[in-house]
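The values are calculated or read from the model by the stated rules, or taken from the named source; none is laboratory data. Since this is a predicted model, take the numbers as computed values, not measurements. For neighbour counting, all protein chains shown are included, and Cβ atoms are generated from backbone atoms with ideal geometry for every residue, glycine included.
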Amino acid sequence: MASEHNPKAHQPMQPLAGVTVADFSTNMAGPYGAMILAQLGANVIKVESPQGDDSRAWPPFVDGLSLTFRHTGAGKRGIVIDLKKPEGVEVAAKLIARSQVVLQSMRPGVADRIGIGQSAARALNPDVLYYDLNAFGSGPVGSAMPGYDPLVQAFSGIMQMTGHDNAPPTRCAPSLIDLGTGQWIAMGVLAALLARQKGQPVASLETALVDTAFSVVPYQASAARLSGKRPPKAGSGNPIAAPYQCYRARDADLMIAAPSQRLWEIVVRVLEAPALLADARFASVSLRSQNLVALEAALNAVLVTQDVATWIARFTAAGVPVTRVCGLEEAVAGDVAKERGTFIDCDGVPLVRLPWLADGEPVAWRGAAPRLGEHSREILAELGYDEARMEALLACGAVVTEVTEKRAGID
């Protein structure tokens with residue numbers, strides 16, 4: 001597949017060049033954060049078990065490799081280490097000793113038990129920045145709770161806020177918590193490294209998936225804490241502003257965002273429905289928010305008389321923010337995605353670029369996601385192992401190379 005954007009050959013923003021990150025995280029949140037660090041120049045070494053990261057098995061696949069793993073693994077080098085073997089822990093320890101950052105997402109207590117926890121890492125490398133990622137924290141309550149993105153969405157109240165009235169709890173379709181946590185990880189590492197440069201030593205960081213969950217509903221969470229009340233389901237809108245949701249035109253749906261009184265009055269003029277201005281239920285933003293069902297019915301009754309394209313033209317000319325409700329397959333093929341250079345080719349696959357333009361150019365993908373064990377020999381050599389010791393580690397299975405990767409059932 002051809003790239004829709006060809007960045008300049010040089011990489012304009014690589015502030016983490018020279019920083020080695022030992023990435024012991026799995027699935028999505030940690031790997032996504034480490035991928036961001038890799039694109040910013042870090043030497044990220046992805047450590048996997050002999051079975052490989054779970055995300056390698058997540059469809060869809062391109063040439064036998066998961067699209068999810070292609071994205072979260074891009075720009076990293078990979079080594080397979082069996083941490084159940086003492087020899088494997090020895091290799092991990094050497095890697096930690098040579099790294100500036102260690103990221104791990106094991107259940108609380110597991111890293112300590114196998115010998116790569118924070119205390120052990122600090123003994124090996126006093127200056128290492130140790131990043132602990134977990135689901136619900138490392139305290140007595142949270143450490144006993146396993147978690148994935150949908151579990152955290154369910155626990156944190158997000159599912160009860162999503163969807164329409166009288167509908168069952170609904171998951172936010174993207175892996176919002178995992179991807180958001182990955183962003184916090186990347187920001188945390190950048191902030192800690194900058195703090196160190198300013199004489200503010202930061203030894204460790206911890207982020208829980210549940211922290212991210214509450215951070216994406218901050219004002220709703222504060223309101224619920226103060227009132228003890230559950231926020232209403234938002235549907236396609238927002239309970240504090242109206243009209244601010246999807247409405248039905250004759251041929252399709254459109255989203256109207258008119259959260260102010262000024263915009264509301266313009267909407268009414270475009271609709272040629274002056275009676276709506278005289279309706280006491282819709283006299284202010286607050287009243288419209290309290291009467292969302294009635295407002296939706298009144299607006300739909302007018303909007304359904306014309307096609308989406310007609311309404312978009314009229315609202316746009318009047319200065320009202322509006323858009324057609326698109327399917328993802330439409331959005332990724334549209335003019336905005338092309339203009340923004342949303343996709344950059346990586347190993348023949350168009351991957352969504354990171355949301356930066358540095359000096360007008362995107363940060364290019366530094367390389368494809370590693371095949372399972374692709375760089376095992378290369379990394380062992382960098383850790384100082386001679387050929388004889390390397391062969392011994394491979395023979396006992398403490399380290400696995402690409403030639404032993406099993407792809408059956410993945411294509």
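So here's what we get for this one:
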| quantity | calculated |
| --- | --- |
| Number of the exception - Gly373 against (1) in a helix (DSSP H, G or I); (2) in contact with a strand residue (DSSP E or B) (Cβ under 9 Å, 6 or more places away or on another chain) | (1) |
| Of residues in the stretch 60-81 being assigned to a loop (DSSP other than H, G, I, E, B) and touching a strand residue (DSSP E or B) at 6+ places or on another chain (Cβ under 7 Å), the one surrounded by the fewest Cβ atoms within 10 Å (Cβ to Cβ) | Ala74 |
| Every residue from the stretch 233-262 that is crowded, with 20+ Cβ neighbours inside 10 Å and not in a strand (DSSP E or B) | Gly237, Ala242, Pro243, Ala249, Ala258 |
| Residue count for the stretch 353-386, restricted to those that are among the β-branched types (Val, Ile, Thr) and either at pLDDT 95 or above or not assigned by TED's automatic domain parsing to the domain that holds Ile45 (or both) | 1 |
| Tally of residues being in a helix (DSSP H, G or I) and not aromatic (Phe, Trp, Tyr) across the stretch 308-333 | 13 |
| Among the residues listed as Leu16, Leu37, the single one being under 12 Å from Val101 (Cα atoms) and surrounded by fewer than 24 Cβ atoms within 10 Å (Cβ to Cβ) | Leu16 |
| Filter result for Pro362 (within 29 Å of Glu87 (Cβ to Cβ) and surrounded by 16 or more Cβ atoms within 10 Å (Cβ to Cβ)) | no |
| Members of the stretch 32-55 that are among the charged types (D, E, K, R) and touching a strand residue (DSSP E or B) at 6+ places or on another chain (Cβ under 7 Å) | Lys46, Glu48 |
| Cβ pairs under 8 Å, 6+ apart, first in the stretch 137-151 and assigned to a loop (DSSP other than H, G, I, E, B), second among the β-branched types (Val, Ile, Thr) | Gly137/Val210; Gly147/Val210 |
| Residue list for the stretch 83-102, filter: under 10 Å from Leu393 (Cβ atoms) and either surrounded by fewer than 21 Cβ atoms within 10 Å (Cβ to Cβ) or small (Gly, Ala, Ser) (or both) | Lys85, Glu87, Gly88, Glu90 |
| Candidate set from the stretch 378-399 (those that are over 33 Å from the mean Cα position of the chain (by Cα) and of a type in the set (D, E, K, R)); member that is nearest to Glu87 (Cα to Cα) | Arg389 |
| Residue count for the stretch 110-142, restricted to those that are under 23 Å from the mean Cα position of the chain (by Cα), surrounded by 16 or more Cβ atoms within 10 Å (Cβ to Cβ) and of a type in the set (S, T, N, Q) | 1 |
| Test result for Thr342, over 22 Å from Val21 (Cβ atoms), among the polar types (S, T, N, Q) and either at pLDDT 95 or above or in the same structural domain as Gly52 (by TED's automatic domain parsing) (or both) | no |
| Matching option when the condition is part of a helix (DSSP H, G or I), in contact (Cβ under 8 Å) with a residue 24 or more places away in the chain and farther than 24 Å from Asn27 by Cα, among Leu193, Leu226 | Leu193 |
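Residues are listed down the side, and each one gets a yes or a no for (1) closer than 24 Å to His164 by Cα; (2) in contact with a His (Cβ under 8 Å, 6 or more places away or on another chain); (3) at pLDDT 90 or above; (4) surrounded by 18 or more Cβ atoms within 10 Å (Cβ to Cβ):
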| position | (1), (2), (3), (4) |
| --- | --- |
| Leu276 | no, no, yes, yes |
| Arg281 | yes, no, yes, no |
| Leu299 | yes, no, yes, yes |
| Cys326 | yes, no, yes, no |
| Ala333 | no, no, yes, no |
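For every residue, the table says whether it meets (1) modelled with pLDDT under 95; (2) at positive phi.
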position	(1), (2)
Tyr130	no, no
Ala144	yes, no
Gly163	yes, yes
Pro169	yes, no
